[in-house]
Amino acid sequence: MKEKIRNITSALIVPFREFPYLPRWMVLLLDVCISMFAFTFSYLICYQLQHAVVITNSFILKLILNTIITSSFFLIFRTYIGIIRYSTFMDGLRVFFAVFCACSTMLVISNVVHAYTGKNIFFNIGFALNFVLTFFMMFTFRMFVKLSYDFLRNDLQGKKTKLLIYDVTPSIVSLARMIKNSTTAPYRIVGFISPDSHAVDKTILGAPVYAKDATKKIKSRGAKFLLINPTELDRKTKQELSDFCLENKIQMISPPPLSEWKDGAFQLNKMKNIQIEDLLGRVPIQICVDEIGRGLDGKCVMVTGAAGSIGSEIVRQLGKFNPALLLLCDIAETPLHYLQLEIQEKYPSLNFIPLISDIRNYDRMQQVFETYRPHHVYHAAAYKHVPLMENHPSESVRTNIFGTKNVADLAIRFGAEVLVQISTDKAVNPTNVMGASKRIAEIYVQSLFNDLKKQSKTNDNSKQIKIITTRFGNVLGSNGSVIPRFKEQIEKGGPVTVTHPDIIRYFMTIPEACRLVLEAGNMGKGGEIFVFDMGDPVKIKDLAEKMIRLAGYIPYKEIDIKYTGLRPGEKLYEELLAQEETTQPTYNKKIMIGSAREYDYNEVCAKLNHLLEVIAEFKDKQVVQVMKELVPEFVSANSTFEVLDKKKEEIIFLPN
């Protein structure tokens, strides 16, 4: 029986789909017919109450006059322009004023005729009755169509998937209205979950609003999906919602990003399943866009490592500011080619040049700097994989230290205004070659800036470059990072490999990190190490378990998690500051200034010259030994170089 009813309602709603709305002339004609009927009905009632005789010819003339006047006001107030099934309060107001003005005009005409002839066109009470009847019937007609359509559609929605929506902000409610009004949406809204206690126990779009902790009531709705907008929620809230959904087998979905919307709307079939990156991401950081734009206006900007995870996102964000020229420097040919195609499509008016260039090659980099003379340099090129660099210390030093030295020296030589070096939390109390190489790069650029600062005091005409270091932790979804690796392992059926059950990491989305890099480059005065607020640390074991659940599997049963042991150079937790370092706040609460110890430039250069000699011979232990002399806090972990720490003698290398 239910199936027959659904078939009937499906058949009834077909005309709505084939004819999405009545033509305006038809709506106007129906309104005129309603007004004629209301006038006739009210006319007959009044004459019946007055025991008067209705004269047909006189009535017809009065009906024609009323129809002309009423139709005129319908045209003036455009009562026919709305789609009947989507009638709103404004449509009701238009009908009200049109009918009121029409009846008022008829009343004025009647009184004028009575003043000159002593005869009434209509009894005064008749005009009031006509107004009430006309407005009521027109309004009821619209509501009847609207409610009938909603009833037929809602009955048809028995086949649709039940959907809960989190929050009741204006943007979310607008999104819900789009879903409710769509005939093709595969969802039926069965409720809202609100963190605002004032909205609880009320209804929105006909659906009840529940409190966050009303678990039993929420479960009773039988929803299969929960719609959230991850960009509007903090990390803690998203974690709580994901835990609730995983426990109750509810799938979390989100609307597509604004970039995929067309004409203020999006296709409802483009709802996206929530990924682990969405849960770990935070509310978008607000940066001083106008200030950054003014700083880059008319400038030549260079990005090294432009095809990498961080470098490519910096390029995308710089493209929005439309600098005079954007230089994309990278040694990786294929990724740089794809980035070129992307930027051409996204920013067709952007003036940019992709450059195959190796930061380790001083002569090539000199040619680039000499030709284009960039004003701003964002140095993102680096080797970053800890175990790989532990096996290739010389290559890590060549790229991360001397590549940085080449870029910094050339930036000064060719008059750059700003150099932003991108570092890592692994540079703090490093336990591996990669982290130590990044720390030495920090030391070099800081000592270089301080030396330039001293020189500028004796030379009033010298222009001081701003050299800035930014330091942050792991970024979500970067090439070779843990999340893509876990996804691959889950797709293959497991096991998911975690190095240690207690290992924790800080995570930040790539766009978030790059926004802060741009902000730091704009606010920096030179010589600072900017430390980013990475939020709360994440236990990698918990991350693996949640990713398995999000994929629809049960951890340890359907997909196992295996512990492989810490890799060479890996430590259980990362730090953004060394013990002796402190921070100072900035106007952006997500960015702090780390006060690191200072080094003498000449002493640093002497050590680097020695390091350069050692790496030429590819003597790994000697390379690491010199690195430990430069960075006394560098203590190797899970590495063959731990033997050097046991033999370490006191090094006379005191900072200023």
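What follows draws every value from the coordinates through simple rules; no lab data is involved. Just so it is clear, the model here is predicted, and its values are computed rather than measured. Backbone-built Cβ (ideal geometry, glycine too); neighbour counts: all protein chains shown.
Once you have a ≥ b ≥ c as the square roots of the Cα gyration tensor eigenvalues for the stretch 478-573, tell me rounded if a/c is under 1.5, and otherwise prolate or oblate according to whether a/b is larger than b/c.
prolate
Lys and Arg at +1, Asp and Glu at -1: add these up for the other residues within a Cβ distance under 15 Å of Leu388 and post the number.
In short, +2.
Between Ile189 and residues 5 or more places away or on another chain, which pairs have amide H atoms under 5 Å apart, with H built 1.01 Å from N, and which residues are they?
Under 5 Å from the amide H of Ile189: Leu163.
Amide H of Leu476: which non-local residues (sequence gap of 5 or more, or other chain) have their own amide H closer than 5 Å, using H built in the peptide plane?
Met508, Thr509, Ile510
What's the ranking of 366-373, 390-397, 429-436 by average number of surrounding C-beta atoms within 10 Å, highest first?
The packing order, highest mean first, is 429-436, 390-397, 366-373.
Of the listed peptides 512-522, 562-572, what is their order by residue-averaged count of other C-beta atoms within 10 Å, with the highest listed first?
512-522, 562-572
Each residue of the stretch 344-350 in order: what ³J(HN,Hα) in whole Hz does its phi give by Karplus 6.51 cos²θ - 1.76 cosθ + 1.60, θ = phi - 60°, with x for Gly and Pro?
4, 6, 6, 10, x, 8, 6
Near Gly494, within a Cβ-to-Cβ distance under 15 Å, what is the net charge of the other residues, with Lys and Arg +1 and Asp and Glu -1?
+3
Report the FRET efficiency, 1/(1 + (r/R0)^6), for Ile76 and Asn248, where r is their Cβ-Cβ distance and R0 is 51 Å, rounded to 0.05.
Once rounded, the FRET efficiency stands at 0.40.
Of the cross-linked pairs Lys272/Lys557; Lys405/Lys607; Lys238/Lys426; Lys238/Lys546, which ones have a Cα-Cα span greater than 18 Å in the structure shown?
Checking Cα-Cα distances, Lys272/Lys557; Lys238/Lys426 exceed 18 Å.
Where the centre of each part is set by its Cα atoms, how far does the stretch 278-348 sit from the stretch 496-546, in angstrom?
19 Å
Take each of the peptides 313-319, 218-224, average the number of other beta-carbon atoms within 10 Å over its residues, and list them starting from the highest.
Ranked by mean Cβ neighbours within 10 Å, highest first: 313-319, 218-224.
What does the extension gain come out to for Met90 and Ala128, with contour length at 0.36 nm per residue minus their alpha carbon separation?
11.4 nm
Quick one: work out Rg over Rh on the C-alpha atoms of the stretch 298-425, Rh as Kirkwood radius.
Ratio of gyration radius to Kirkwood radius for the stretch 298-425: 0.96.
Which distance in nm do the two modelled labels at Lys272 and Arg177 give, with both placed 7 Å along the Cα-to-Cβ direction?
In this crude spin-label approximation the distance works out to 2.5 nm.
What does the charge add up to near Gly403, with Lys and Arg as +1, Asp and Glu as -1, over the other residues with Cβ less than 10 Å from its Cβ?
Once positives and negatives cancel, what remains is +2.
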